[in-house]
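Asker: Before we start, here is the structure in question, set down as structure tokens.
The values are calculated or read from the model by the stated rules, or taken from the named source; none is laboratory data. Here the structure is a predicted model, which is why all the values come from computation and not from measurement. All Cβ positions, even for glycine, are placed from backbone atoms using ideal geometry, and neighbour counts span all protein chains on display.
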Amino acid sequence: MKRKRLAIMGSTGSIGRCVVDIVRKNPEDFEITGLSCYENITELAGHIKEFGVKHVCVSTKSKANDLISLLSVKEPVRLDDLNICVGPEGLLELLSDNIDLAVNCLPGMFGVEVTKYALKHGIDVALANKEALVAEGSEIMKLAEENDAKILPIDSEMCAIAYCLQGRSIEDVKKVVLTCYGGPFLGKKRRELYDVTLEDALRHPTWPNMGQKISIDSATLMNKGFEVIEASYLFGLPPEKIEIVIHPQSLVHGIVYFKDGNVLMHAASPDMRIPISHCLYAPEVKESPFEILDLVKAKKLEFFEPDTETFTNIPAAYNALRTGTTKQLLEDNDSRVEKFLAGEIQFIELFQ
């Protein structure tokens, strides 16, 4: 394959770091043309030096000045060769170069306009930003079709379903199933969630290095509700053809039931670099350097129905999908999570 040119937005977050690590291990396959970060300019400076990146974006002018100071000290970078842009408009500038793939690892609503801009310009998007499809799924899928651009889902569940559907017609699908590890409060009833602390809610047993926002959404299972909405838009499926099952082992990431009675299950080690690598290399297949799943060592695979009476964010997401109010659901949840992180509301108030 020819060397792919990547713009990585949100390169210092948990997903962005995985992308950078893949590039680091495969310098002959990828070139980073642009990077962005919100606050962690120390790590960003390290990436600029390591990969010789010439185009970056930071959140504020103050952060830009701090970045220049960092780059001017040890092993100085030629600042004349570096273009530093700022804010939401600066993110779009990262896509102005001749890139092959926009890797959107941005949190929250920051990622919506970036996704739309890339697709409008015919740039393929490796998408980790759930908010883009939840907020404006119809518009985004339309832009992808009109401009012959691909959306490559980085989320392990969306990537798993897409993998199972390769070369198959969506008309042959009976239903898809998204798996969910159950969160840190699996088995708890509503009355047991009133005293949950922030520390409790941030404790993710499978993916421990995620950001605070997605960790909270995982704890309330709102993250899984958002994935139902994502799957509906990505694969053109009505809500009644999308199900959720609790799978505590987090080894099976997606299941597709076909009309002819066959069922495909996608399983892989719980390492985000596996679905990310698949998307970065698509449509080619690269031998993985990451741990291959050993089902003998796994010993068991369990599946349960979710407790939707306790975790009411799941039915709330289905209702929003049916009524066309997904953006309102997203905005309301973002507001509540922000208040919980600030200590202004209790964990139980995060449920719709």
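Asker: Identify the single condition in (1) modelled with pLDDT under 95; (2) farther than 22 Å from residue 330 by Cβ; (3) not assigned by TED's automatic domain parsing to the domain that holds residue 326 that residue 148 does not satisfy, given that it satisfies every other one.
Answerer: (1)
Asker: Which residue is farthest from residue 154 (Cα to Cα), if the candidates are limited to region 18-64 and must be without any contact (Cβ under 8 Å) to a residue 12 or more places away in the chain and out of contact with any strand residue (DSSP E or B) (no Cβ under 9 Å at 6 or more places or on another chain)? Spell out how you get there, then give the answer.
Answerer: In the first step, residues of region 18-64 are kept if they are without any contact (Cβ under 8 Å) to a residue 12 or more places away in the chain; the result is 27, 46, 52, 62.
Now drop any that are not out of contact with any strand residue (DSSP E or B) (no Cβ under 9 Å at 6 or more places or on another chain), which leaves 27, 46, 62.
Details: 27: 20, 46: 24, 62: 32 Å.
Only one residue tops the list, namely 62.
Asker: For region 233-252, name all the residues that are assigned to a helix (DSSP H, G or I) and within 9 Å of residue 177 (Cα to Cα).
Answerer: The initial filter retains those residues of region 233-252 that are assigned to a helix (DSSP H, G or I), namely 233-235, 239-241.
Correct list: 241 only.
Asker: Looking at region 123-134 only, could you name the residues that are modelled with pLDDT of 95 or more and small (Gly, Ala, Ser)?
Answerer: Matches in region 123-134: 126 only.
Asker: Failed condition for residue 137, given (1) without any contact (Cβ under 8 Å) to a residue 24 or more places away in the chain; (2) under 24 Å from residue 336 (Cα atoms); (3) small (Gly, Ala, Ser), with all others met?
Answerer: Residue 137 satisfies all of (1) without any contact (Cβ under 8 Å) to a residue 24 or more places away in the chain; (2) under 24 Å from residue 336 (Cα atoms); (3) small (Gly, Ala, Ser) except (1).
Asker: If you go through region 309-335, how many residues are closer than 16 Å to residue 193 by Cα and surrounded by 15 or more Cβ atoms within 10 Å (Cβ to Cβ)?
Answerer: As a first pass, look at region 309-335 and keep what is closer than 16 Å to residue 193 by Cα: 309-313.
Add one more test, that the residue is surrounded by 15 or more Cβ atoms within 10 Å (Cβ to Cβ), and what stays is 310-313.
Selection size over region 309-335: 4.
Asker: Among (1) farther than 20 Å from residue 191 by Cα; (2) more than 21 Å from the chain's Cα centre (by Cα); (3) not hydrophobic (A, V, I, L, M, F, W, C), where does residue 308 come up short?
Answerer: (1)
Asker: Additional query: Name the pairs: first residue in region 266-286 and of a type in the set (Gly, Ala, Ser), second residue in a loop (DSSP other than H, G, I, E, B), Cβ to Cβ under 6 Å, at least 6 apart or on different chains?
Answerer: Matching pairs, first to second residue: 267/251; 267/293; 268/293; 269/291; 269/293.
Asker: Starting from residues that are in a loop (DSSP other than H, G, I, E, B) and either among the acidic types (Asp, Glu) or touching a His at 6+ places or on another chain (Cβ under 6 Å) (or both), keep the ones in region 253-301 and report whichever is surrounded by the most Cβ atoms within 10 Å (Cβ to Cβ).
Answerer: Initially, region 253-301 is screened for residues in a loop (DSSP other than H, G, I, E, B), giving 259-262, 268-272, 282-294, 299-301.
If we keep only those that are either among the acidic types (Asp, Glu) or touching a His at 6+ places or on another chain (Cβ under 6 Å) (or both) too, we end up with 260, 271, 284, 287, 291, 294.
Numbers: 260: 7, 271: 17, 284: 10, 287: 4, 291: 12, 294: 10.
Looking at the filtered set, the residue picked out is 271.
Conditions tested, residue by residue: (1) within 22 Å of residue 178 (Cα to Cα); (2) assigned by TED's automatic domain parsing to the domain that holds residue 214; (3) at pLDDT 95 or above.
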residue: 265; (1), (2), (3): yes, yes, yes
residue: 272; (1), (2), (3): yes, yes, no
residue: 290; (1), (2), (3): no, yes, no
residue: 295; (1), (2), (3): yes, yes, no
residue: 298; (1), (2), (3): yes, yes, no
residue: 307; (1), (2), (3): yes, yes, yes
residue: 344; (1), (2), (3): no, yes, yes
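Asker: Also, I was wondering about something else. Of the residues 246, 242, 216, only one is closer than 30 Å to residue 343 by Cβ, of a type in the set (A, V, I, L, M, F, W, C) and out of contact with any Cys (no Cβ under 9 Å at 6 or more places or on another chain); which?
Answerer: 216
Asker: Based on this model, can you work out whether residue 225 counts as touching a strand residue (DSSP E or B) at 6+ places or on another chain (Cβ under 7 Å), crowded, with 21+ Cβ neighbours inside 10 Å, at pLDDT 95 or above and of a type in the set (Gly, Ala, Ser)? Full working, then the answer.
Answerer: Working: touching a strand residue (DSSP E or B) at 6+ places or on another chain (Cβ under 7 Å): no; crowded, with 21+ Cβ neighbours inside 10 Å: yes; at pLDDT 95 or above: yes; of a type in the set (Gly, Ala, Ser): yes.
For residue 225, the condition - touching a strand residue (DSSP E or B) at 6+ places or on another chain (Cβ under 7 Å), crowded, with 21+ Cβ neighbours inside 10 Å, at pLDDT 95 or above and of a type in the set (Gly, Ala, Ser) - is not met.
Asker: Next question, about the same structure. Return yes when residue 206 is in the same structural domain as residue 314 (by TED's automatic domain parsing), in contact with a Pro (Cβ under 7 Å, 6 or more places away or on another chain) and either of a type in the set (Asp, Glu) or at pLDDT below 95 (or both) and no when it is not.
Answerer: Details: in the same structural domain as residue 314 (by TED's automatic domain parsing): yes; in contact with a Pro (Cβ under 7 Å, 6 or more places away or on another chain): yes; either of a type in the set (Asp, Glu) or at pLDDT below 95 (or both): yes.
For residue 206, the condition - in the same structural domain as residue 314 (by TED's automatic domain parsing), in contact with a Pro (Cβ under 7 Å, 6 or more places away or on another chain) and either of a type in the set (Asp, Glu) or at pLDDT below 95 (or both) - is met.
Asker: Turning to a different aspect of this structure: Can you name the number of the only condition in (1) part of a loop (DSSP other than H, G, I, E, B); (2) over 26 Å from residue 7 (Cβ atoms) that residue 320 fails?
Answerer: Single failed check for residue 320: (1).
Asker: Taking residue 190 and the conditions (1) buried (at least 23 other Cβ atoms within 10 Å of the Cβ); (2) touching a Ser or Thr at 6+ places or on another chain (Cβ under 6 Å), which numbered condition does it fall short on, given that it satisfies the others?
Answerer: Failed condition: (1).
Asker: While we're here: Name the residue, out of 95, 91, that is in the same structural domain as residue 116 (by TED's automatic domain parsing), modelled with pLDDT under 95 and either touching a Ser or Thr at 6+ places or on another chain (Cβ under 8 Å) or assigned to a helix (DSSP H, G or I) (or both).
Answerer: 91
Asker: Okay, next question. What are the residues in region 100-115 that are outside any loop (DSSP other than H, G, I, E, B) and either within 10 Å of the chain's Cα centre (by Cα) or crowded, with 18+ Cβ neighbours inside 10 Å (or both), if any? Quick ask: steps written out before the conclusion?
Answerer: Pass one, region 100-115, residues outside any loop (DSSP other than H, G, I, E, B): 101-104, 110-115.
Once the filter is applied, which keeps residues that are outside any loop (DSSP other than H, G, I, E, B) and either within 10 Å of the chain's Cα centre (by Cα) or crowded, with 18+ Cβ neighbours inside 10 Å (or both), region 100-115 yields 101, 102, 103, 104, 110, 111, 112, 114, 115.
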